[in-house]
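Novice: Below you will find the structure I want to go over with you.
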């Protein structure tokens, strides 16, 4: 009887698959070692440093004046340069954006580091303790110009601009209106006397023999000159990127013989 049971157990053992070794178990459960030794993909090239920007942070606002493309190309340039941006769009800026360009609000917010509601007066740009290198309003409507001149911080755009003036920070207004009334001119004059840069987008036509090749070059030249006012270096290497704002003969060097 005992011999019969031993014989049956031997048969069952013969039918059982062999027990896997510890080495084979580890080979099947752990990732392949080569996954840890592959060369990582090359990192994207670092954006050029901005020696004139202490905090590498700028505020950009768009209002309802015509010329949304100026603000859009400014945002694209700052994004390309790796500069932190705080974007504010007024209610009518969204309407003008939809009417004048194919761009959408999600496309713009994807380029900005931070986006703020124009009615949110608790946002960081509304406080003087929020450190940044300056503010651009492009385009700047005459309504926003008047609000800044009077110190009427009704929304985040005019409040942030008022903070720039009281804190002695750079403020650039790309005003868009023509013809200009005495009221408009007086508002600009008072702000200019306070150190605000009043920057109407007047294009230069001297930067290429035969003039600009299209509207994009006209806009890019004005954007590059406006960023000059804040100390942002936009010179490029002809790669078709941000350097194309001021490429070639974009800066006047005198008549060529």
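Novice: With the cut-off at 1.5 for a/c, could you classify region 45-179 from its C-alpha gyration tensor as rounded, prolate or oblate? Before the final figure, lay out each step's value.
Specialist: Numbers: a/c = 1.57, a/b = 1.07, b/c = 1.48.
Note, shape of region 45-179 comes out oblate.
Novice: Shape of region 134-183 from its Cα gyration tensor (a ≥ b ≥ c, root eigenvalues): rounded if a/c is under 1.5, otherwise prolate when a/b > b/c, or oblate? List each step's numbers first, then the result.
Specialist: Details: a/c = 2.00, a/b = 1.55, b/c = 1.29.
Verdict is prolate for region 134-183.
Novice: Want the number for residue 127 to residue 54: 0.36 nm per residue separation, take away the alpha-carbon distance, what's left? Before the final figure, lay out the partial values.
Specialist: Working: separation 73, 0.36 × 73 = 26.28 nm, distance 1.80 nm.
Between residue 127 and residue 54, full extension yields an extra 24.5 nm.
Novice: Provide the packing ranking of 51-62, 104-115, i.e. peptides ordered by the mean count of other C-beta atoms within 10 Å per residue, highest first.
Specialist: By packing density, highest mean first, the sequence is 51-62, 104-115.
Novice: Further question on the same structure: Stretch residue 99-residue 115 to full length: gain in nm at 0.36 nm per residue minus the Cα-Cα span? If you can, show how the numbers build up before the last one.
Specialist: On the way: separation 16, 0.36 × 16 = 5.76 nm, distance 2.10 nm.
Here the answer is 3.7 nm.
FYI, it's all coordinate maths here, none of it is from the lab. None of these values were measured; they are calculated from a predicted model. Glycine gets a Cβ as well: all are built from the backbone with ideal geometry, and neighbour counts include every protein chain shown.
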